[in-house]
Structures are given as C-alpha cells and as structure tokens.
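A short worksheet on the structure shown next.
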Amino acid sequence: MKKRMISLILSLTLLLSLSVSAFAAAPTTQSHFTDVPTSHWAYTQIERAYSDGVIAGTAGNAANYTGVFSPSGTLTEAQFVTIMTRAFFNDELEAAKKVVGSNAKWYAAAQKDAEDNKLLTFVQGKMDAPITRYDMAAIMTNIMDAKEFSGRPGATKIEETFYKIADFKSIPNSYQISVASVFAMGLIAGTDSKGTFSGASYMNRAQAAVVYGRMK
C-alpha cells in the first residue's frame, strides 16, 4: 500500500511538472505584428518563425510589437532560401556572409550557402522571382539529403503517395520525388480535398512560416 502511494505521488508530481513546463512554453498572447492578430490562422507559426529568428517583418518594429508581417505577400525564392539557411545552416550562413562581403546583394550569402550545400539542385534558381511550390518541395528535400535525415519516407511510401496526388501526372519528372516526399510527410499539403498539388502556384509569407514550422 505504501509503495502504491509513493508511486501515485511521484506520478502526480511528474504530471504537474509537465503541465507547468507546457504552460511556460505557451506562445505570447500579443502579436509582434499589427497585421497578424492572435486570431490569424497562421499566428502561432508566424510567431514561432519570428522568435526563431528566421523570418522578419516587412516594416515597423516587431520587437516593440508594432511590426508589419505582410502575411499574404508573395514569397520569393531568395526569401525562402534565406529562411531555410538561417534555420538549418546558420553557421555556414555566417561564414558565407564574410566571403561575399557587405557590397553583395542582400541574399548573396544565403544563395552561396544554399549552393555549397546543394540545396538548389533541380531548382530554377531565379532568386528574385516568386518561388513555386515545386521549388519549395525541391529545396526542402535537398535539405533532408544534406542533413542525412533518416525520417524520409521509403520508396514504397513514396510510390503510394503518387496515387494520392490528383495532378501527379502533370508534375515534371525532376520534381516528382520531392513533391511526393513532402506530401507524404505532411510538410506541404494539397490545395483541395482531391490532393491537387498545384506545384506551379506560389506560396505567401504566412504559408512559408507554416511550412518552416512543419519542417523544423
């Protein structure tokens, strides 16, 4: 009886400590961005991306809770590459900044970092252009390759996913494995209930924050 009572007390203590930790880790109830209220569908992921230092606002002062995020703004390839190199290759990014110098384009260091780690393989490479869902998928799987991530779906799972993507037959061959991989892992979902990928369409800044959160 005594042993059971001790076990019960220890269990309750553990549950209490977990509850306190979860409460402490809860996101702030005040948005850093005036155009991303707490009711915004991507609020939590945008706040996380900002707190992680991978996505900044487009205007204002986010540190003072007066930033502007432009959640519906189009995301360029340079911006997405910058987000991903900050998130997964930050040490290399800092080294690349010293190599390219201060007079280079704002994304030059991120581009060099991405090229050095082969993140732009099978990617169009148009840094100033809006990034397509195809290229996002390719960059994300290239990151998994570079990081030797063991959690990627196997060949059987990928092949099964082919049949879950409504427009799979129209996907260019160079993107098929990448698209199937991120789709199977739930990193980038379809655009409708049929599972249409719509790879040639673009992502906005809010969607990029969500994709980053899932990837992280």
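Within the option set A59, A109, A137, being open to solvent by less than 80 Å² (accessible area, probe 1.4 Å) and closer than 30 Å to I165 by Cα holds for one residue only, A137.
When P153 is tested against (1) open to solvent by 30 Å² or more (accessible area, probe 1.4 Å); (2) modelled with pLDDT under 95, exactly one condition is not met: (1). Cβ-Cβ contacts under 6 Å between residues 6 or more apart (or on different chains), taken from a first residue in the stretch 36-51 that is assigned to a helix (DSSP H, G or I) to a second residue that is open to solvent by 60 Å² or more (accessible area, probe 1.4 Å), are listed as T44/P27; E47/P27. Residues in the stretch 186-199: is at least one in contact with a strand residue (DSSP E or B) (Cβ under 8 Å, 6 or more places away or on another chain) and surrounded by 16 or more Cβ atoms within 10 Å (Cβ to Cβ)? Yes, the stretch 186-199 contains at least one residue that is in contact with a strand residue (DSSP E or B) (Cβ under 8 Å, 6 or more places away or on another chain) and surrounded by 16 or more Cβ atoms within 10 Å (Cβ to Cβ).
Of the residues making up the stretch 90-103, none is more than 20 Å from L120 (Cβ to Cβ), among the β-branched types (V, I, T) and out of contact with any Cys (no Cβ under 9 Å at 6 or more places or on another chain). Put simply, of F183, F162 the only residue that is at pLDDT 95 or above, within 20 Å of Y212 (Cα to Cα) and open to solvent by 40 Å² or more (accessible area, probe 1.4 Å) is F183. Entry remark, the stretch 69-103: residues being in a loop (DSSP other than H, G, I, E, B), without any contact (Cβ under 8 Å) to a residue 12 or more places away in the chain and either open to solvent by 40 Å² or more (accessible area, probe 1.4 Å) or within 25 Å of Q45 (Cβ to Cβ) (or both) number 2 in total.
The values are calculated or read from the model by the stated rules, or taken from the named source; none is laboratory data. All values reported here derive from a predicted model rather than from experimental measurement. Quick reminder, even Gly has a Cβ in these numbers, built from the backbone with ideal geometry, and neighbours come from all protein chains shown. The protein model used for the area step is the full one, side chains on, heavy atoms only, and it has no ligands, DNA or RNA in it. Shrake-Rupley method; radii C 1.70, N 1.55, O 1.52, S 1.80 Å.
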